[in-house]
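Input: a single structure, listed below in structure tokens.
The values are calculated or read from the model by the stated rules, or taken from the named source; none is laboratory data. Fair warning: this is a prediction, and the values are worked out from it, not measured in the lab. Here Cβ is always computed from backbone atoms with ideal geometry, including for glycine, and neighbour counts include all displayed protein chains.
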Amino acid sequence: MAGTAVLGRLTWLVTKVTGGVEETSRVRTLLLEASGWQGHRAGQHLDVRLTAPDGYQAERSYSIASAPGDPLAITVERLEDGEVSPYLVDVAREGDEFEVRGPIGGYFVWEPGDGGPLLLLAGGSGIVPLRSILRHRERTGSTVPVRLLYSSRTLDDVIYRVEFDMAASGVEVVHTLTRHQPPGWAGYARRVDAALLAEVAWPAAGTPLAYVCGPTSFVEAVSQALVQDGYPPQRVKTERFGATGGT
Ligand SMILES: Cc1cc2nc3c(=O)[nH]c(=O)nc-3n(C[C@H](O)[C@H](O)[C@H](O)COP(=O)(O)OP(=O)(O)OC[C@H]3O[C@@H](n4cnc5c(N)ncnc54)[C@H](O)[C@@H]3O)c2cc1C
């Protein structure tokens, strides 16, 4: 029943951390078990709510890193002066509990029936929902061609690096490192702009479907460049990782 499903998404569920993976020195994936969780679609996010012993609460949004059908996971980047992310990255460990609600979002999602070719564009932790989409593609046996253009500050900041080094068939991964490149680096070494997109993006004539995710400034610049390049706005889906704030 639709009403029950909506109620489920809006209900805070107690969630236990069942494991974690250190992705980079600032980024950690948390595996979660939320009793009553009704499943999710690739690209959706959830809300996390932390409650302090004095009752103070803080909520933030996090994209779901896992594919539908896999154990629920989020991947969080620590902001040094942040309220919630340092807890999730540095403190939360197996057996700890907090609350989540979701899944949230029906726009920034991909199903094999949506087709492609897919152009995935990520800035920093904006890679998280795109990883869910990539895993969903693999799990469902989709052969839709994919190009992923992933912008990171340095090689050490590349999240899921080992996974991307073994990209699935039909998936091309293109990195750009904006701040520092290791000796012999053969990838791009600049911010994503119209000129870089002209080299990497699928031609607009092939009716590609683009998913752009990252900091607001990254998403604005990249999506505008794609539209200027002839991508119809409705074929450019965006997710902005701005501050979610709120308590
Ligand atoms: C739909 C959605 C999905 C998201 N998914 C992820 C995800 O998968 N992984 C992830 O790590 N984060 C994600 N975020 C960002 C996340 O919600 C928090 O904003 C982030 O973790 C910071 O929270 P905080 O409490 O640590 O920092 P805060 O205490 O909220 O902020 C500390 C300082 O950092 C600034 N700030 C806050 N958020 C950001 C940001 N995103 N970028 C730059 N500066 C910021 C604030 O203005 C403030 O100056 C997502 C945001 C949205 C809207």
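A few points about this structure:
- Any hit, the stretch 100-112, residues being surrounded by 13 or more Cβ atoms within 10 Å (Cβ to Cβ), of a type in the set (K, R) and not in a strand (DSSP E or B): no
- Residue in the stretch 159-171 that is within 22 Å of V222 (Cβ to Cβ) and within 13 Å of the ligand (Cβ to nearest atom) present: yes
- The requirement of being surrounded by fewer than 13 Cβ atoms within 10 Å (Cβ to Cβ), in a helix (DSSP H, G or I) and either more than 15 Å from the ligand (Cβ to nearest atom) or not acidic (D, E) (or both) is not satisfied by A221.
- Residue list for the stretch 43-64, filter: buried (at least 17 other Cβ atoms within 10 Å of the Cβ) and among the hydrophobic types (A, V, I, L, M, F, W, C): L46, V48, L50, A58, I64
- Test: V212 is under 23 Å from Y107 (Cβ atoms), within 16 Å of the ligand (Cβ to nearest atom) and outside any helix (DSSP H, G or I): yes
- Residue selected from the stretch 26-42 under the condition more than 14 Å from the ligand (Cβ to nearest atom) and polar (S, T, N, Q), by the criterion surrounded by the most Cβ atoms within 10 Å (Cβ to Cβ): Q38
- Within the stretch 41-65, being under 19 Å from R240 (Cα atoms) and either over 19 Å from the mean Cα position of the chain (by Cα) or of a type outside the set (D, E, K, R) (or both) holds for A42, G43, Q44, H45, L46, V48, S61, Y62, S63, I64, A65.
- Residue ranges of strands (runs of 3 or more DSSP E) in the stretch 12-58 with at least 3 members under 11 Å from L72 (Cβ atoms) and touching a residue at least 12 places away in the same chain (Cβ under 8 Å): 13-24, 27-34
- Top-ranked residue in the stretch 68-77 [being crowded, with 21+ Cβ neighbours inside 10 Å and over 13 Å from R26 (Cβ atoms); ranked as farthest from the ligand (Cβ to nearest atom)]: L72
- Taking the stretch 66-80 as the range and being outside any loop (DSSP other than H, G, I, E, B) and out of contact with any His (no Cβ under 9 Å at 6 or more places or on another chain) as the test, the residues that pass are A73, T75, V76, E77.
- Criterion violated by L155 - all others in (1) assigned by TED's automatic domain parsing to the domain that holds K16; (2) surrounded by fewer than 18 Cβ atoms within 10 Å (Cβ to Cβ) satisfied: (1)
- Considered as a group, the residues in the stretch 156-167 that are touching a strand residue (DSSP E or B) at 6+ places or on another chain (Cβ under 8 Å) and assigned to a loop (DSSP other than H, G, I, E, B) include one that is farthest from S25 (Cα to Cα), and that residue is A167.
- Qualifying residue in the stretch 81-92 (condition: among the hydrophobic types (A, V, I, L, M, F, W, C), more than 28 Å from V212 (Cα to Cα), outside the structural domain of S142 (by TED's automatic domain parsing) and part of a strand (DSSP E or B)): no
- Search result, residues across the stretch 78-135 that are within 19 Å of R153 (Cβ to Cβ), touching a residue at least 40 places away in the same chain (Cβ under 8 Å) and within 11 Å of the ligand (Cβ to nearest atom): R78, V89, A122, G123, G124, S125, G126, I127, V128, L130, R131
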